[in-house]
1. How much of the DSSP beta bridge set in the range 478-634 is antiparallel, as a percent to the nearest 5?
2. Quick one: MET216, MET521, MET36, fewest Cβ neighbours within 10 Å first, how do they rank?
3. In µm²/s, what is D for the range 386-454 at 25 °C and 0.890 mPa s, where D = kT/(6 pi eta Rh) by Stokes-Einstein and Rh is the Kirkwood radius from Cα pairs?
4. How large is Rg/Rh for the range 578-704, to two decimals, with Cα atoms and a Kirkwood Rh?
5. Sort the range 528-582 into rounded, prolate or oblate with this rule: let a ≥ b ≥ c be the square roots of the eigenvalues of the Cα gyration tensor; rounded if a/c is under 1.5, and if a/c is not under 1.5, prolate when a/b is larger than b/c, oblate otherwise.
6. Please give the contour-minus-distance gain from ALA527 to THR388: 0.36 nm per residue of separation, less the Cα-Cα distance, rounded to one decimal in nm.
7. With viscosity set to 1.306 mPa s at 10 °C, what whole-number translational diffusion coefficient in µm²/s follows for the range 240-347 from Stokes-Einstein and a Kirkwood radius over Cα pairs?
8. Please give the charge dipole size of the chain, origin at the Cα centre, charges +1 on K and R Cβ atoms and -1 on D and E Cβ atoms. Round to the nearest 20 debye.
Amino acid sequence: MAKKTKTSPSDNATIHDQKLHRGAGGELHQLAEDGMPVLTTAQGGPVSDDQNTLRLGARGPALIDDFHFREKIFHFDHERIPERVVHARGYGAHGYFETYESLAAYTRADLFQRPGEKTPAFVRFSTVAGSKGSFDLARDVRGFAVKLYTQQGNWDLVGNNIPVFFIQEAIKFPDLVHSVKPEPDRQFPQAQSAHDNFWDFISLTPESMHMIMWVMSDRAIPRSFRFMEGFGVHTFRFVNAADESTFVKFHWKPKLGLQSVAWNEAVKINGADPDFHRRDLWQSIQSGNFPEWELCVQLFDQDFADTFDFDILDPTKIIPEEILPVKPIGRLVLDRMPENFFAETEQVAFMTQNVPPGIDFSNDPLLQGRNFSYLDTQLKRLGGPNFTHLPINAPKCPFHNFQQDGHMAMRNPVGRVNYQPNSWNQGPRESPVQGYRHFPAEEQGTKVRLRPESFADHYSQARQFFISQTAPEQRHIAAALTFELSKVETPVIRERMVSHLMNIDETLASKVGHALGFKSMPKPADAAMPTRQDLEPSPALSIIERGPKRFEGRKLGILVTDGSDAAIFKALLAEITEQKATFEVIAPKIGGVTLSDGNWIEAHQMIDGGPSVLYDAVALLPSSAGSSDLLKEATAHDFVSDAFVHCKFIGYVETALPLMQKAGIADSLDEGVLALRAAGDVAAFVKALGKLRVWGREPSVKLN
Ligand code: HDD
């Protein structure tokens, strides 16, 4: 029998003539002949051959003895868990929330007590309708779910990038979702609302009209998760140590300002890079440009609620910021990508009912229904009641209870006591002082199935949203409605929908009706509340009004060829870096190009793989010879003409003119197409990029 060799903790060792390595935890790893750890089964058994199944003779049948093959395939066959019934496609990141000031006057929530306090966070962004593998730039609501691991347990603020919702009642949620998902007989369209079932349901559900205005706006096609707002949607309560309640609405404001893409662009991005939003978040965090949002609150009391035009429990209504300003209370920074997508982003379980002491619910019927729903979905998705044992879902504060057993229990009680009260003076105890106290709201009434009358005005805020938009944004809403309804095959649904628009804005309705080819306009839809209020516009609702001042966080696409002007190229890079923006070099070959000064530069994309829809602005720097070569490339023409049509800023050198001619834009140069004659022109060009788009160009290119 071979003799065991004694090993010291840090040393490699030999047992039974095997090479061994002691790991960080003191465990011994078997090493393969080349020094790498030996491949093992899930039971830890070393594997000799992972290339061939065990069979009877080289050409014979497989043998049932092959436990390694059986285990490997068994595990593979079980890799998938059910995708989320909504918000299936998502992308998450870790970070922290930092409190600005003590909010003790309003809430006893521990995370809001001390200025500068940092609370670990995990955020998952998502689309709603598409399945897990769908594309990022669907016209859709974006989920904005935040898990804050507070010292008093996890707080999940499960919001969206739109502050209102389609329905007022949770009982309608399955109908809403069924209608927007692929139709059940044909199972298409994927990740799209442009089909009969969705618009049928919507046109029969007038309460959805306000949300529809948002979803048809550019809010539903954000440029990046980093450039969108988030909202808690419902009215919640803050409750302080004296058990006094203040109503609160939560807003996340992106530090880099708002930005969306054009629909024509979105459609092309989906083809060029279906992972556009994921890649953007990944790249910015990996490169140290950490996205940031401010958490802002609207705080109000019952007196305000009583005098406000709408019911603060109605999730289809906002409180305009001009009426009740938002107060910044902290910032959220995302600075770390998950190490494993499945373990973290897929298995993270958000639940609206996860609130710490000091945060409570209102009677919003949608919120109350949500509080009932989310636990079920996690049980279904994650397979058992112990999903809180998964590291991504476990609280980061100490926790103690007598819950035990069940599938995959990772934390198990030790000792005799697993109940209370007990005589053994052991175990955790409830604490009326420190424990969660529900706000003692006084409630009374008869049991009814009734929608309050105060929820009946479905058009006033829909109109307010529309009239708060700038002219280009209004054009986009009309174009989006026209596009979506053009995909509806049943004329009566189109008409019914336009009859609702008549109640929102007659000009919008007639624009859409005309674009759909209506011979005459339908009558306005019957309204539950016949008089529409004429609300003041709220400029805070416009994306363009809330855009950035600088090009920071955006990306310039620089088209180069061999012989491109090195001085202009270098000046561009310097200015872009100074603006804290990024760039990609697009070249005829991925191998890169040699600039006019003889220096070689690497390309990030070859022309076919880097269409201009992937960039916020473009610079055309081909040399004379390069430009004439690009004349033969369809994707090079598209690069130029798409950038122009999408109203982007374009910087160009003289030698790019033949290419611009070929792309059909050389004769329509405007203030957004800037000549880069010398390095000195570059600063002015990069400064102009902060405006992001030349919307004045839009009517001439008929973008939508
Ligand atoms: Fe929901 C997921 C946001 C209404 C039922 N919802 C889900 C997610 C977000 C929202 C962001 C994805 C969380 C993640 O990334 O894992 N949902 C909202 C908002 C709503 C809303 C802002 C209205 C204001 N949801 C809503 C209702 C119901 C649900 C009315 C049911 C009555 N939602 C669910 C769910 C999901 C979900 C079925 C699917 C996957 C999950 O929960 O974890 O339970």
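1. Details: 2 of 14 bridges.
Taking every DSSP beta bridge with both residues in the range 478-634, the antiparallel ones total about 15 percent.
2. On the way: MET216 25, MET521 17, MET36 10.
Listing MET216, MET521, MET36 from fewest to most nearby Cβ atoms yields MET36, MET521, MET216.
3. Details: Rh = 16.5 Å.
Once the numbers are plugged in, D ends up at 149 µm²/s.
4. Working: Rg = 14.0 Å, Rh = 14.9 Å.
Result for the range 578-704 is an Rg/Rh of 0.94.
5. Working: a/c = 6.36, a/b = 3.62, b/c = 1.76.
Cα axes put the range 528-582 in the prolate bin.
6. Working: separation 139, 0.36 × 139 = 50.04 nm, distance 4.61 nm.
So the chain would gain 45.4 nm between ALA527 and THR388.
7. Working: Rh = 17.6 Å.
Here the translational diffusion coefficient equals 90 µm²/s.
8. On the way: 74 positive and 88 negative charges, 207 e Å.
Charge dipole of the chain: 1000 debye, to the nearest 20.
Read-outs: derived from the displayed coordinates by stated rules, not from any lab. In this text the structure is predicted, and so the values were computed from the model without any measurement. In this analysis, Cβ positions are derived from the backbone assuming ideal geometry, glycine residues included, and neighbour counts consider all displayed protein chains.
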